[in-house]
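Heads up, the thing below is written out as structure tokens.
The values are calculated or read from the model by the stated rules, or taken from the named source; none is laboratory data. Please read all numbers here as calculations on a predicted model, not as lab measurements. Methodologically, a virtual Cβ is constructed for each residue, glycine included, from the backbone with ideal geometry; neighbour enumeration extends over all protein chains shown.
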Amino acid sequence: MSRNFVQEGTIIDYTPPATILGGAVAVIGSLVGVATTNIGAGTAGAVAVEGVFTLPADNTLTIAQGAQLYWDPVARKMTTVSVNNIPAGKAWATKLLAGTTVNVKLNA
């Protein structure tokens, strides 16, 4: 292994300004991740930035498998709308129109 290898890069340590519940989306710069456990405000915790997670989604959209997804920080849901939203990953499976969640491969 290379001497300059640091880590696999699937988890990042993050100190949020406000509490983040385990399983909730955490935005770190341009990275979208999921808190692995509850993280208190001002306390370092682990955020997954790779993997597939079931996350809240816009229930007014049908989302095709493989579609580019964006995190809407205002609605706190995944969407296919890029304007004013943060690139989050790809839809791992199709989401039907009334569905309220989508499986997301983070940062893909």
Checklist entry - From the list Val34, Val6, Val74, Val83, which residue is modelled with pLDDT under 95 and either assigned to a strand (DSSP E or B) or out of contact with any Gly (no Cβ under 6 Å at 6 or more places or on another chain) (or both)? => result Val6
Checklist entry - Just checking, which of Thr62, Thr54, Thr100, Thr94 is touching a residue at least 24 places away in the same chain (Cβ under 8 Å), among the polar types (S, T, N, Q) and under 13 Å from Val25 (Cβ atoms)? => result Thr54
Checklist outcome for this item: From the option list Thr60, Thr36, Thr43, Thr100, single residue qualifying as among the polar types (S, T, N, Q), surrounded by fewer than 18 Cβ atoms within 10 Å (Cβ to Cβ) and under 20 Å from Thr10 (Cβ atoms) is Thr36
Checklist entry - Quick one: is Val47 part of a strand (DSSP E or B) and in contact (Cβ under 8 Å) with a residue 40 or more places away in the chain? => result no
